[in-house]
Amino acid sequence: MLFDWLFRPRRHEARRELLTLPFPTAWLPYLGKMPFYGHLDERGQQRLRDDLRILIAEKEWEGCGGLVLTDEIKVTIAAQASLLLLNIEHEYFKDVTSILVYPSAYRTMPQTDHNGVVREGQANLGEAWHRGPVVLAWDSARGGALDPDDGHNLVLHEFAHKLDLLDGLADGTPPLRDRDELTAWVQTMSSEFTKLRDAAANGRATLLDTYGATNPAEFFAVATECFFEQGKKLLARHAELYANLRDYYQQDPATHD
């Protein structure tokens, strides 16, 4: 962002001041409903609480389609997004300008094809725009938070896209620490993406959602969902993929009881 360096010290001071305040006790029951929060140790829970407060304070939140935003909505979404950041260096999804929340599935903007025909927008549950907002359907965002084992989590999926886009490319490769990690990542992700695409084309059942066969960006987002929600199964069936995601996120969900 232009002249972002001018505002950085002020922003950091505002964050420090915010985190000196007690965590709102009314928000704790919302966290308690999400099973993943209970799997974190004390340090992880504290960091997640800190990060979600900053996300709530710094992002523009907007209810769409008649939805009235509540603290429960903001905390539930921000907590899930913060799970991705738990052990990695980050700047609070700096390219997320706002978070738009619909009550349920919504329609994307109508599209005009090359013949000038306007086609109705498609039903959608979420989007992550490059240098723009994250759009979410609240019923799906809430459902993903409350059911940690189904392998589907809308918030993790869309915010994984935002991590992928940090280098400006939606290519399924977020910024990595070094060349060795990048080499291992590209080799494993390319191989696993090819296998999923082949399985999808031939109608074979897979642990990973076949929506991940759409392109490498969707593969990373789908793999992230599976990593956090079905870690033990992913480790057993796709050990190298699990290892890459474990090294990137610096978390090991397969060890959770």
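Read-outs: derived from the displayed coordinates by stated rules, not from any lab. All values reported here derive from a predicted model rather than from experimental measurement. Glycine gets a Cβ as well: all are built from the backbone with ideal geometry, and neighbour counts include every protein chain shown.
Expressed to the nearest 5 percent, the antiparallel share of DSSP beta bridges inside the chain is 45 percent. For the peptides 182-192, 131-141, residues were scored by their other Cβ atoms within 10 Å and the scores averaged per peptide; the highest-first order is 131-141, 182-192. Each principal axis of the stretch 23-170 carries a Cα extent, and these read 58, 33, 29 Å when sorted largest first.
Top mean-square fluctuation among Gly212, Gly203, Gly38, Gaussian network model of the chain, C-alpha springs under 10 Å? Evaluated over the chain, the most mobile residue of the options is Gly203. Calculate the dipole size of the stretch 98-257 relative to its Cα centre from +1 charges on Lys and Arg beta carbons and -1 charges on Asp and Glu beta carbons; express the result in debye to the nearest 20. Computed about the Cα centre, the dipole is about 220 debye.
Cα centroids of the stretch 64-112 and the stretch 199-257: 22 Å apart. Partner lysines whose Cα lies under 27 Å from the Cα of Lys94, excluding those fewer than 8 positions away in the same chain, are identified as Lys59, Lys74, Lys162. Sorted from longest to shortest, the spans of the Cα atoms of the stretch 172-257 along the three principal axes equal 35, 33, 16 Å. By the Kirkwood approach, averaging reciprocal distances over each pair of separate Cα atoms, the stretch 196-245 gets a hydrodynamic radius of 10.8 Å. According to the calculation over all Cα-Cα pairs in the stretch 1-87, the P(r) per 10 Å bin from zero is 15, 45, 30, 10, 0 %.
How would you classify the stretch 127-190 from its alpha-carbon gyration tensor, with a ≥ b ≥ c the square roots of the eigenvalues: rounded for a/c under 1.5, else prolate if a/b is greater than b/c, otherwise oblate?
Oblate, because a/c is 1.5 or more while a/b does not exceed b/c.
Taking the number of Cβ atoms within 10 Å of each Cβ as an exposure proxy, the fewest-first ranking of Tyr211, Tyr242 is Tyr211, Tyr242. Sorted fewest first by neighbouring Cβ atoms within 10 angstrom, Ile77, Ile88, Ile56, Ile99 come out as Ile88, Ile56, Ile99, Ile77.
Taking every alpha-carbon pair in the chain and binning the separations at 10 Å intervals from zero gives 7, 29, 36, 22, 6, 1 percent.
Restricting to DSSP H runs of at least four residues, report the calculated mean residue ellipticity at 222 nm for the chain, -39500 (n - 2.57) per run over all residues, nearest 500 deg cm²/dmol.
Counting only the DSSP helices, I get -16500 deg cm²/dmol.
Evaluate E = 1/(1 + (r/R0)^6) for Asp150 and Asp41, where r is the Cβ-Cβ distance and R0 equals 22 Å; express this FRET efficiency to the nearest 0.05. Using R0 = 22 Å, I get an efficiency of 0.35.
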